[in-house]
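Novice: I have a structure I would like to understand better, so I am pasting it below and will then ask my questions one at a time.
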C-alpha cells in the first residue's frame, strides 16, 4: 500500500485500504461506519470522502472530489435549527434515515471537482465528468457529465450492459 499524505479519521468507523492504494496529499477520509478502497485505486490531492463509502479496484479519482454518504438533519423537527435537530437525533436514528452508503464499482474514473451525493451507486467501468454532480445511480460503463449528471454515452464495449 502506498500512502503519501492523508488525514485518516476512522472516528466511529473503520478505514480499509487494499494493496496498491495511492493517496496524494490533502486526501481526507472520515468514516462514519466504514470506508473501503480497492486494490490499485489512486486518489489525487484534496479529495474528501465522508461516511460509508466503498470504492472498487483500479479506480482513478481526480483532484477536489467530494463524496459523503450522510446529509444534515433538516426535516425532523418543525421550526428547529439544523444544528439543534442534529443534537436531538439519536445516532441509530441518524444512521437509519440520514446515512445512505455510496458504492463505486471497479475501473471508475471520476473527474476533477465532482460531487457524489448520498446513496449513489456508480457501476464499474463508468466515467464521471469533471465538475459533475451525481444525484442518480450510474449504470455500468456509462459516461455522465453535468449538474445534475446525465448520461451522454457509454464507453466502447459497454453499450447495453
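Novice: If you take the residues of the stretch 36-57 that are at positive phi and in contact with a strand residue (DSSP E or B) (Cβ under 8 Å, 6 or more places away or on another chain), which of them is surrounded by the fewest Cβ atoms within 10 Å (Cβ to Cβ)?
Specialist: Across the stretch 36-57, the extreme among qualifying residues is 46.
Novice: Has the stretch 21-35 got at least one residue that is buried (at least 16 other Cβ atoms within 10 Å of the Cβ) and within 22 Å of residue 140 (Cα to Cα)?
Specialist: So far as the stretch 21-35 goes, yes, one or more of its residues are buried (at least 16 other Cβ atoms within 10 Å of the Cβ) and within 22 Å of residue 140 (Cα to Cα).
Novice: Among residues belonging to the stretch 12-35 that are assigned to a loop (DSSP other than H, G, I, E, B) and touching a strand residue (DSSP E or B) at 6+ places or on another chain (Cβ under 6 Å), point out the one that is modelled with the highest pLDDT.
Specialist: Result: 21.
The values are calculated or read from the model by the stated rules, or taken from the named source; none is laboratory data. Everything numeric in this text was worked out from a predicted model, so none of it was measured. In this analysis, Cβ positions are derived from the backbone assuming ideal geometry, glycine residues included, and neighbour counts consider all displayed protein chains.
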